[in-house]
Amino acid sequence: MATTVLEYSALERTSKNRHLPSPPGFSSAVTTNKGKEAASKANVMTPKEKADRNEELKAKRAWDLATSPAKQLPMQMMMVYFSGGGVQIFSMGMVAMLLASPFKAFAGMNEAFAQFAPKDSANTRAFTTLLLQKVAYILCNLLTLLVGMWKCNQMGLLPVGTGDWLQFEYRGEIFIAD
C-alpha cells in the first residue's frame with residue numbers, strides 16, 4: 001500500500017507571502033530546537049510565582065462566576081419576550097424558571113464558590129470567604145428575580161391595582177338624616 005507524504009517546506013520557499021512580517025507574538029526562535037530550549041528556560045517560574053499566579057486565576061474565575069447571572073440576563077429577557085403576555089403554560093413555565101433560579105443559586109452559592117477560595121482561608125464554604133464576589137453574585141441573581149417579577153406584573157399576576165384589593169376595602173354605612 002502506497003503512502004503519500006506531504007512536503008510543505010518547498011511551499012514555504014516559493015510562497016508569494018514570504019515577505020510579510022510575522023504575526024504579533026510569533027517568535028521564529030521558538031520553532032527551532034535551540035529556541036525551544038531558550039523559551040522553556042525563560043518560562044520557568046518559582047513555586048511562589050506559580051502559587052501567586054494560581055491565586056490570581058482563582059480570583060478571576062470567582063469574578064467570572066459572580067457575574068455569570070448578569071451575562072445570562074439578555075437571553076432570559078428575550079425568552080420572556082417571546083413567551084408572550086398571556087397566562088399560558090409556556091409563559092408560566094418561564095416565569096417559574098425566572099423566579100426559582102435565583103433561590104436555587106442562593107442555596108448553592110457557598111458550594112459554588114468553594115473551589116475558588118484562597119489557600120489560606122480556614123473555611124472555604126463560609127459566607128465571608130470571597131465576600132465581594134458573593135455579594136456581586138447575589139445582586140446579579142436579584143436582577144433575574146426582578147425580571148421575573150416584571151413579567152408577572154406584565155401578565156397581570158401581581159395585585160398592584162386598586163381593583164385587586166376591593167374585597168378588603170371597608171366602606172362605612174351611610175346615614176341619611178331626616
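The values are calculated or read from the model by the stated rules, or taken from the named source; none is laboratory data. Being a predicted model, the structure only gives us computed values, none of them experimental. Here the Cβ positions follow ideal geometry from the backbone for every residue, glycine too, while neighbour counts run over all protein chains shown. Ligands, DNA and RNA are stripped out before the accessible areas are found, and what is left, the full protein with its side chains, is counted by its heavy atoms. Shrake-Rupley method; radii C 1.70, N 1.55, O 1.52, S 1.80 Å.
Give me a count of the residues in segment 149-163 that are assigned to a helix (DSSP H, G or I), under 25 Å from MET79 (Cβ atoms) and over 26 Å from the mean Cα position of the chain (by Cα).
Of the residues in that region, 3 qualify.
With the checklist (1) of a type in the set (D, E, K, R); (2) over 16 Å from LEU65 (Cβ atoms); (3) in contact (Cβ under 8 Å) with a residue 60 or more places away in the chain in hand, flag the one item ASP120 doesn't pass.
(3)
Quick check: is even one residue across segment 107-126 exposed (fewer than 11 other Cβ atoms within 10 Å of the Cβ) and either touching a Cys at 6+ places or on another chain (Cβ under 7 Å) or in a helix (DSSP H, G or I) (or both)?
Taking every residue of segment 107-126 in turn, at least one turns out to be exposed (fewer than 11 other Cβ atoms within 10 Å of the Cβ) and either touching a Cys at 6+ places or on another chain (Cβ under 7 Å) or in a helix (DSSP H, G or I) (or both).
Could you please give the count of residues in segment 127-139 that are open to solvent by 80 Å² or more (accessible area, probe 1.4 Å) and either in contact with a helix residue (DSSP H, G or I) (Cβ under 6 Å, 6 or more places away or on another chain) or within 28 Å of LYS50 (Cα to Cα) (or both)?
Looking only at that region, the number is 3.
Give me a count of the residues in segment 1-60 that are of a type in the set (A, V, I, L, M, F, W, C), part of a helix (DSSP H, G or I) and at pLDDT below 80.
Residues that pass the stated criteria total 7.
Report whether or not LEU146 is surrounded by fewer than 16 Cβ atoms within 10 Å (Cβ to Cβ), touching a residue at least 40 places away in the same chain (Cβ under 8 Å) and not in a loop (DSSP other than H, G, I, E, B).
No, not satisfied.
Out of the residues in segment 44-72 meeting the condition of being within 14 Å of PRO118 (Cα to Cα), loosely packed, with under 14 Cβ neighbours inside 10 Å and acidic (Asp, Glu), tell me which one is nearest to the chain's Cα centre (by Cα).
Selected residue: GLU56.
With the structure loaded, tell me whether LEU166 is hydrophobic (A, V, I, L, M, F, W, C), part of a helix (DSSP H, G or I) and in contact with a Phe, Trp or Tyr (Cβ under 9 Å, 6 or more places away or on another chain) or whether it fails that test.
no
For residues that are under 25 Å from the mean Cα position of the chain (by Cα) and open to solvent by less than 90 Å² (accessible area, probe 1.4 Å), scanning just segment 73-90, find the one that is modelled with the lowest pLDDT.
For segment 73-90, the residue satisfying everything is SER83.
Between a first residue in segment 93-104 that is at pLDDT below 90 and a second residue that is open to solvent by less than 60 Å² (accessible area, probe 1.4 Å), which pairs have beta carbons less than 6 Å apart while being 6 or more apart in sequence or on different chains?
Final answer for the pair search is none.
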